[in-house]
Each structure stands twice: as structure tokens, then as C-alpha cells.
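The block underneath contains the structure these notes are about, expressed in C-alpha cells.
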């Protein structure tokens, strides 16, 4: 059994999170499929080999944190980030729930630039969702050194189940999470009930115009400045012309001067597939829809802030739904994006 665990750890990758009391953060992550092991510890401060008592005093600069070993073939770093957000209060800069002080604040400690970029995108996405009335306070920090906590604090929820359950209930953590994410769960169920499918070839030929078919099915490109949405400035979302899956938002649209609709990021990252494209004697990154498998366009690293990306998309591959028709068209969950507070 130990040999099998050692093999899993060898092929695993690491992520580090601070979410308040590490007893709770460790217990939560250990339940996530694809996670091999979770270690409680301290990071972010100046003391070498700090003790639990020292960190708890709030004078070491360290945060209680966990190091998550995970199998990237079973769970992605982006999925870990999403899981993390849903198990903390990201708007609390002074601690987490009943635990107060800088040693209990939330943070994501990145191991490399790829993790940093993913964490920044995930944090921006959470802020844009307007899920919370207050700003997202969780910090994104570079990992320096992670110190493992004392043995008694490892898997504390298993060693002291009565004490742990009593503490967890009294902390108010689960009560807060249930209140915040209950509607989110209901929304996810609603999304899953809506199935995005690619119609058969005969249906596609009847449904699509010749240009739409050429672009989406044969990887074509429409003329610049002579397409439907390159200059569209109305508020709303853009969905795949084939499957209807949500792809982009007008909030991320900008004038790139190229004559094609351009966006800084997708509305739903999971609905976007990127592939290497070496046609036309150059190396580019093609963008396709996940469910419709439609050719949409390409993404380039010359866009504006905050992402620095330019998703250059063919109008013929997408359909625009103005904000006032979102509810009627079945995309009501995106209305909150256009609600000004």
C-alpha cells in the first residue's frame, strides 16, 4: 500500500492553498477525486521551522496552509482552484470564519508562472461573476518555503473526529458555504440539464448558410470588416452557431482593428478548445467549440490587459444574443453580468 502511494506521489503535481484553519482545508481537499495526498503546514512568513504555537500567535508572518498532491490526469489545477473558492470566504481579508488574524487569511501560493496565470484568471473570473457583494480579498503569492506542521495536525479530522466536528460546526464555515453556494449548485444542475450537441451532417447543411458551413465545418475564414459582428457594440453574449453553447461576452469584446470580432477571454472557458495549427506555413493556435466542434478562429498573444490575449473569431461561427433576450433564449444566468450595481 505504501509503495502504491509512493508511486502516485512521484507522478503527482503540487498546489498550495491557505484557507483558514488547515484542519478544515485539508479535510475538504482530501475528499476531491484525483487528490493523492494533502499535507498541513505553514508558509509565507519569516520564521524557519515554525511551531503551531508560534504561527497561531500571528507574529511569524506565516499562514496556515495545505500542500495538495494531485494527479493532473484526473483533476486539473483549474479544478483545484474552483474547488478552493467554494470552500472559503474569499472576501474576508482578516481571517476565515471564527479564526481571526493574518495567519488565517486566504491565499493561493503559486509554484510557477503557469500556476500564477491560472490563479489570476480564476480570481478575475470569480470577481466578474458578482457572486459576492464585497471585493475578492484572497492573495496570490509566490511560494517560497513550505514547512510541514506537527504530526498531530496531519489528518486531524481523522485522529480527533469529535473535536474536529465540534470545532467545524462552531466555526460557521459550513453554514456560510451552504448559504452562498446552494443557488450555485442549483444553477449547475440547470446548466447540466441543457445539453449542447452537434447536429448530424444533413441537419448542419440545412441549418447553416454556405458561409457558416465553410467557416465552422471546413475551417474557413470570412472577409474582415464585411461580417456581421466585427463592429457590434450591443451588450449580450455570443454562442456557437452550431450547438448554442456560450462562448464570449460583449464585456470582453474590443476593437482590435483587424475587422473580426475580438475578445480578451472566453465567457465559459470549458466550452473552448485550443489546438496547434501549422497551416499556411505558420504556427498558430486554433480555437474551436467543445460541444459543437466548430472552427471559431484563432487566439493570439497580442491583446490588451488584463489577459494580453486576442481571441479573433469569425462572425459566421457565432450567434449574438442581446442582454434583453437572454432570459427568453434560456441564458438567464448571464443576466447578472450586465447588472450595474
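The values are calculated or read from the model by the stated rules, or taken from the named source; none is laboratory data. Since the structure is predicted, the reported quantities are computational estimates derived from the model, not experimental observations. A quick note on method: Cβ atoms are made from the backbone with ideal geometry, for glycine too, and the neighbour counts reach across all protein chains shown.
Check residue 95 against each of (1) touching a strand residue (DSSP E or B) at 6+ places or on another chain (Cβ under 7 Å); (2) on the phi > 0 side of the Ramachandran plot and name the one condition it does not meet.
Among (1) touching a strand residue (DSSP E or B) at 6+ places or on another chain (Cβ under 7 Å); (2) on the phi > 0 side of the Ramachandran plot, residue 95 violates only (1).
Would segment 275-285 turn up any residue that is in contact with a helix residue (DSSP H, G or I) (Cβ under 8 Å, 6 or more places away or on another chain), under 28 Å from residue 123 (Cβ atoms) and part of a strand (DSSP E or B)?
No, the conditions are met nowhere in segment 275-285.
Of all the residues that make up segment 51-84, how many are within 18 Å of residue 143 (Cα to Cα) and either touching a helix residue (DSSP H, G or I) at 6+ places or on another chain (Cβ under 6 Å) or not in a loop (DSSP other than H, G, I, E, B) (or both)? Break it down stepwise before answering.
If we filter segment 51-84 for residues that are within 18 Å of residue 143 (Cα to Cα), which is where we start, we get 55, 60-70, 77-78, 80-81, 84.
After this cut, where a residue has to be either touching a helix residue (DSSP H, G or I) at 6+ places or on another chain (Cβ under 6 Å) or not in a loop (DSSP other than H, G, I, E, B) (or both) as well, the list is 55, 60, 62-70, 77-78, 80-81, 84.
Residues in segment 51-84 being within 18 Å of residue 143 (Cα to Cα) and either touching a helix residue (DSSP H, G or I) at 6+ places or on another chain (Cβ under 6 Å) or not in a loop (DSSP other than H, G, I, E, B) (or both): 16 in total.
For every residue, the table says whether it meets (1) surrounded by fewer than 20 Cβ atoms within 10 Å (Cβ to Cβ); (2) in the same structural domain as residue 215 (by TED's automatic domain parsing); (3) more than 19 Å from residue 217 (Cβ to Cβ); (4) touching a strand residue (DSSP E or B) at 6+ places or on another chain (Cβ under 7 Å).
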{"residue": "269", "(1), (2), (3), (4)": "yes, yes, yes, no"}
{"residue": "292", "(1), (2), (3), (4)": "no, yes, no, yes"}
{"residue": "306", "(1), (2), (3), (4)": "yes, yes, yes, no"}
{"residue": "319", "(1), (2), (3), (4)": "yes, yes, no, yes"}
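Out of all the residues in segment 38-50, is one or more at pLDDT 95 or above, in the same structural domain as residue 159 (by TED's automatic domain parsing) and either over 18 Å from residue 150 (Cα atoms) or in a helix (DSSP H, G or I) (or both)?
Pass one, segment 38-50, residues at pLDDT 95 or above: 38-45, 48-50.
Then drop every residue that is not in the same structural domain as residue 159 (by TED's automatic domain parsing), which leaves 38-45, 48-50.
Applying the additional criterion that residues be either over 18 Å from residue 150 (Cα atoms) or in a helix (DSSP H, G or I) (or both) yields none.
Taking every residue of segment 38-50 in turn, none turns out to be at pLDDT 95 or above, in the same structural domain as residue 159 (by TED's automatic domain parsing) and either over 18 Å from residue 150 (Cα atoms) or in a helix (DSSP H, G or I) (or both).
Being farther than 20 Å from residue 83 by Cβ and either under 15 Å from the mean Cα position of the chain (by Cα) or not in a helix (DSSP H, G or I) (or both) is the filter here, so list the residues in segment 113-153 that pass it.
So in segment 113-153, the residues farther than 20 Å from residue 83 by Cβ come out as 113, 130, 133-135, 142, 144-145, 147-153.
Hits for segment 113-153 are 130, 133, 134, 135, 142, 144, 145, 147, 148, 149, 150.
Sort out which residues of segment 78-102 are in contact (Cβ under 8 Å) with a residue 24 or more places away in the chain and closer than 18 Å to residue 167 by Cα, and write them in order of number.
Once the filter is applied, which keeps residues that are in contact (Cβ under 8 Å) with a residue 24 or more places away in the chain and closer than 18 Å to residue 167 by Cα, segment 78-102 yields 87, 88, 89, 95, 96, 97, 98, 99, 101.
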